[in-house]
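The values are calculated or read from the model by the stated rules, or taken from the named source; none is laboratory data. Just so it is clear, the structure is predicted and the values come from calculations on it, not from any experiment. All Cβ positions, even for glycine, are placed from backbone atoms using ideal geometry, and neighbour counts span all protein chains on display.
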Amino acid sequence: MARTARKYSKGASRDVERAMKKRKAGTLKSGGSGRKVKSRRQAIAIGLSEARREGKKVPPKKSARSAAKKTAKTASKTSRKKTAKKTSRKTTKKTSSKKG
């Protein structure tokens, strides 16, 4: 049975665990507003972002991944349009015939 690679490092899971404990104790604050974090999801997100900042093995955010996909899609579309324009120009150009 083949083992698959871990998505998150042990250090990253420790950071998430630390954030969860802080949330439970009521001392975890959100970054922007400084308000107390109440939801589990937000606590996990804070733990993962801290791990990312420290350079631990954590996959990129889903929003960042989808944004990268969108930019890749638009880039490929524009390159296709450019090549299509070039080929259409080549075929539509009239060749001048010399009269003799």
- [ ] Report the residue count in the stretch 10-55 for those that are part of a loop (DSSP other than H, G, I, E, B) and exposed (fewer than 14 other Cβ atoms within 10 Å of the Cβ).
- [x] 11
TODO: Could you list, in sequence order, all residues of the stretch 1-20 that are among the small types (Gly, Ala, Ser) and within 23 Å of the chain's Cα centre (by Cα)?
DONE: Ala5, Ser9, Gly11, Ala12, Ser13, Ala19
TODO: Might you let me know whether the stretch 57-71 holds any residue that is modelled with pLDDT of 90 or more, within 30 Å of Gly11 (Cβ to Cβ) and among the polar types (S, T, N, Q)?
DONE: no
Task: Test set (1) of a type outside the set (Asp, Glu); (2) without any contact (Cβ under 8 Å) to a residue 12 or more places away in the chain; (3) in contact with a strand residue (DSSP E or B) (Cβ under 8 Å, 6 or more places away or on another chain) - Ala67 fails condition number - done: (3)
